[in-house]
Amino acid sequence: MLAAMRFNVARAAGVTNRKMGEQSDYETDLEGMASEMAFCKHFNYWPDLTIGPRQGGWDVDGRAGERIDVKVTKYENGKLLATLKKTPKDADYYVLMVGECPTYKLAGYASARELLKEENIIDLGHGKGYALNQSQLQQFAVKMSDKNISQSRKDKNE
């Protein structure tokens, strides 16, 4: 519901979806919202549940004031991607979630300084952008279980 509302508000406001794949705008908004919620659930952050139009910027405010942009891919070996429009002012960190709604896993993260470098620009067939392989990502200091992060109700009983 929230993803659908964000989708409708953004398109009505003329916000261009800067997706880097062939998926629909709605799917991009759904996976983006769901992966943000999964990230927040894992770290006990409060997700941004507002629906106003947004362009650029970050998705999650960290406890120390850091600005976190959550990225998602459905590809198990997918890359952390950002458009060339991103600047260090948009976010401090970029996190990669891997999976599809409602199940995701944390692949790792990179600082804006690490990701937004000219040497990381590639073209995956949908225009140039910044990209890092999962092997290039930092891992979180908190030990993570191998269990996927799920937004479904079944994990309450685990």
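The values are calculated or read from the model by the stated rules, or taken from the named source; none is laboratory data. Keep in mind it's a predicted model, so treat the numbers as computed, not measured. Heads up, the Cβs are rebuilt from the backbone with ideal geometry, glycines too, and the neighbour counts pull from every protein chain shown.
Which residue pairs have Cβ atoms under 6 Å apart, sit 6 or more places apart or on different chains, and have a first residue in segment 76-94 that is farther than 17 Å from G127 by Cβ and a second that is of a type in the set (V, I, T) and exposed (fewer than 12 other Cβ atoms within 10 Å of the Cβ)?
Listed pairs, sorted by first residue: none to list.
Tell me, which residue of segment 55-68 that is of a type in the set (A, V, I, L, M, F, W, C) and assigned to a loop (DSSP other than H, G, I, E, B) is modelled with the lowest pLDDT?
Taking segment 55-68 first, the residues of a type in the set (A, V, I, L, M, F, W, C) are 58, 60, 64, 68.
Now drop any that are not assigned to a loop (DSSP other than H, G, I, E, B), which leaves 58, 64.
Numbers: W58: 90, A64: 94.
That would be W58.
With the checklist (1) under 15 Å from the mean Cα position of the chain (by Cα); (2) assigned to a loop (DSSP other than H, G, I, E, B); (3) not basic (K, R) in hand, flag the one item F140 doesn't pass.
(1)
Determine which single condition L116 fails, assuming it passes every other condition in (1) under 28 Å from A4 (Cα atoms); (2) out of contact with any Cys (no Cβ under 8 Å at 6 or more places or on another chain); (3) crowded, with 19+ Cβ neighbours inside 10 Å.
Here L116 meets the rest and fails (1).
Looking at (1) under 19 Å from K86 (Cα atoms); (2) in a loop (DSSP other than H, G, I, E, B); (3) at pLDDT 75 or above, can you tell me which one Q23 breaks?
All conditions are met except number (1).
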